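Structure first, then comments.
The values are calculated or read from the model by the stated rules, or taken from the named source; none is laboratory data. Keep in mind that what you see is a predicted model, and the values were worked out from it rather than measured. So basically every Cβ, Gly included, is an ideal-geometry build from the backbone, and we count neighbours across all protein chains shown.
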Amino acid sequence: MRNLNTLISKETCLIYGLPGTAILAVSLILSCKVASDFAGSTFVTAVSFLGSNVLLWMLYLLLFQYMPLDLMRIWQSRKPLSNTEETDTTAAKQTSQPPVQAVPPITMEEYKAHCYDFERRKQEEHRQLVDSIMDYVGRVMSPFMGMPEIDHIRGEIRAWCDDPNYIPQPAELKWTVDLNDRLKTISFKHFVWNIAVRLGFDNGYTGDIQAKFIKKLFPNELAGIEIDSLKASLSSYPDNGHIKLDRPKPTSNNVFHF
């Protein structure tokens, strides 16, 4: 009796009984309609009745049984997690992560050693660059200046390497009868640009600073040239003059190409 009561329940009647009656009625109507087109054939009536019955049951189960459940599961999966579920998920992730080992703090001796090593390397690189510039100044200016003036200009350039705003003392060139052996304006431009580009435009050795420095260093030779004119054409005509424009290579900033 318990099994019979379970089978014949209100829910079973609502889910299968009522729709089943409607499906039987529709199947019977459809089979009669189809059989009338085939002169009332009993075989056609039976096949159309069974076929429409099976199709209607499949359509009913799909639309009213399985699809709503699947749509409900999809909708619930899109809902945001509750606070309790989020807490459980976070706790599970934290539990699965390996423990982070504590990093020992850096000691004062290590910190000072790193800072000292950085400053030492920077000073060494600057010293090598300055030595290269001093060698360049001696090589390119010796044919046009006496020994005392070479030492003087090397000292002025050396001070400029440490301070881009340094104001130099004027230097004098050798007197030559042949005008072709004298340095022209383009050579002075190339000379100061070749040095400044290695010291770094971003380090304060801008075009304006270069123009002011070279005009102060050679006031007689550049007396008729304005500062704005100098800084606007420091790297122009790279192959003209006794001193050519010397662009540094990315891998060898300290090297001059004579």
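Within segment 95-118, the presence of at least one residue that is under 25 Å from Ser252 (Cβ atoms) and either modelled with pLDDT of 95 or more or among the charged types (D, E, K, R) (or both) is confirmed.
Tell me which residues, restricted to segment 163-184, are under 19 Å from Asp239 (Cβ atoms) and in contact with a Ser or Thr (Cβ under 9 Å, 6 or more places away or on another chain).
Arg182
The helices (runs of 4 or more DSSP H) found wholly in segment 125-237 and carrying at least 1 residues that are exposed (fewer than 14 other Cβ atoms within 10 Å of the Cβ) occupy 147-162, 207-217, 227-232.
Out of curiosity, is Lys249 out of contact with any strand residue (DSSP E or B) (no Cβ under 6 Å at 6 or more places or on another chain) and surrounded by 14 or more Cβ atoms within 10 Å (Cβ to Cβ)? No. Of the residues making up segment 189-205, those that are touching a residue at least 40 places away in the same chain (Cβ under 8 Å) and not aliphatic (A, V, I, L, M) number 8.
The residues on offer are Lys244, Lys216, and the sole one that is touching a residue at least 40 places away in the same chain (Cβ under 8 Å), among the charged types (D, E, K, R) and under 10 Å from Ile186 (Cα atoms) is Lys244.
For Gly241, indicate whether it is at pLDDT below 95 and farther than 20 Å from Trp160 by Cα. The answer is yes for Gly241. Checking each residue in segment 78-94 for being more than 33 Å from the chain's Cα centre (by Cα), part of a helix (DSSP H, G or I) and at pLDDT below 65 picks out Asn83, Thr84, Glu85, Glu86, Thr87, Asp88, Thr89, Ala91, Ala92.
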